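Following: one structure in structure tokens, then a few remarks.
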Amino acid sequence: MTASKNKKYSFIVNTKAGRGSAKKNVKLIEDFASLNSIKYNIYYTEYPKHATTLARQSIKEGFDIIVAVGGDGTAHEVANALIDTDSVLGILPCGSGNDFTKSVDVPLNFMEALQNLVELNIKEVDVGYIKDRFFINGIGFGMDGAVSHRFSKYRLIRGEIGYIWGAVIEALSYPGFRAEIAIPDWRFNGDILLAGASNGSYHGGKFQLAPGAKVDDGLLDVYVFKNMPRLSRLIKIPKVLNGTHLTLDEVYIKGSPYMEVTLERPVPAHMDGEPFILEAGYHKIGIKNKALKVLSSK
């Protein structure tokens, strides 16, 4: 606890995360900081990617620990400013899925996560990248990208239920896409339902898409789901909830330092749950080993 008093904390609050729960928890942050004699400041995001700007500003102002108060998207934005620096990422989970939070052993309970910030257990983790963009938990395209696009538009149905509902709709409607996927010792060219690369093991809250993934092993868990009939999707995709999909003939997953993708057309995609469009053509997805420092409970 004494060591934490010598650190400066910057809390970056996503005011929209968790239906506003992040903003509501600010009083808890202030009370905790006062009780523990922590030097801190609080910043509020006002627009997309503002958290990245605020994190860079915090580094310049001499803050040691930059805390993302929100969900995976907030952690993603803050982390993009901290890669290859001495600054440390802290997380106070207030989002829908909190997938990366689970992979780095940060408590999901808000008060326990606050306590975790002053324990100063620093874990060095890998980050993935595509071109000049970094991700901390995973990148996916195809059906799971379409689910993220759909989920981002929901207002009344949020959290894990919203993500599962979106997955059911896309399982019944997403047509699939053609692509060539390659890693050092495997290549596939054909019809695909979804594909991507995971650093963490969870996606969408409860989906154990890459159950064997580790955030500090220097590898991405590359996965490919070959396209399948809609009825088969409804039977087989739910296996992702408990990680039993690994035995399916349509599923390939393996650790790799990179993934090469060649798309015939643009496809819906997500990076740490944030939707975007992956353009047609060639893309290389790689990993930077232990490029980010994170406060963990272990």
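The values are calculated or read from the model by the stated rules, or taken from the named source; none is laboratory data. All of these numbers come straight from a predicted model, not from anything done at the bench. Cβ sites come from the backbone with ideal geometry, for glycine too, and all protein chains shown count toward neighbours.
If you take the residues of segment 220-236 that are over 13 Å from Leu246 (Cα atoms) and basic (Lys, Arg), which of them is nearest to the chain's Cα centre (by Cα)? Going through the qualifying residues, I end up with Arg233. Of the residues in segment 45-53, at least one is polar (S, T, N, Q) and either part of a helix (DSSP H, G or I) or at pLDDT below 90 (or both). Going by the structure shown, is Ile139 assigned by TED's automatic domain parsing to the domain that holds Ala179 and over 27 Å from Ile285 (Cβ atoms)? Spelling it out, it is not the case that Ile139 is assigned by TED's automatic domain parsing to the domain that holds Ala179 and over 27 Å from Ile285 (Cβ atoms).
Residues are listed down the side, and each one gets a yes or a no for (1) assigned to a loop (DSSP other than H, G, I, E, B); (2) more than 15 Å from Gly273 (Cβ to Cβ); (3) of a type in the set (Ser, Thr, Tyr):
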site	(1), (2), (3)
Gly97	yes, no, no
Phe100	no, no, no
Asp105	yes, yes, no
Leu108	yes, yes, no
Glu112	no, yes, no
Asn116	no, yes, no
Glu124	no, yes, no
Tyr129	no, yes, yes
Phe134	no, no, no
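Only one entry of Leu194, Leu220, Leu117 meets the criterion of being surrounded by 23 or more Cβ atoms within 10 Å (Cβ to Cβ), in contact with a Gly (Cβ under 7 Å, 6 or more places away or on another chain), closer than 30 Å to Ser37 by Cβ and hydrophobic (A, V, I, L, M, F, W, C), and that entry is Leu117. Just to be sure before I move on: is Asn41 of a type in the set (S, T, N, Q) and assigned to a helix (DSSP H, G or I) in the structure I sent? In short, no.
Given the condition surrounded by fewer than 18 Cβ atoms within 10 Å (Cβ to Cβ) and in a loop (DSSP other than H, G, I, E, B), answer yes or no: does some residue in segment 139-152 qualify? No, segment 139-152 contains no residue that is surrounded by fewer than 18 Cβ atoms within 10 Å (Cβ to Cβ) and in a loop (DSSP other than H, G, I, E, B).
Looking only at residues in segment 250-277 that are under 17 Å from the mean Cα position of the chain (by Cα) and assigned to a strand (DSSP E or B), the one that is farthest from Lys49 (Cα to Cα) is Pro268.
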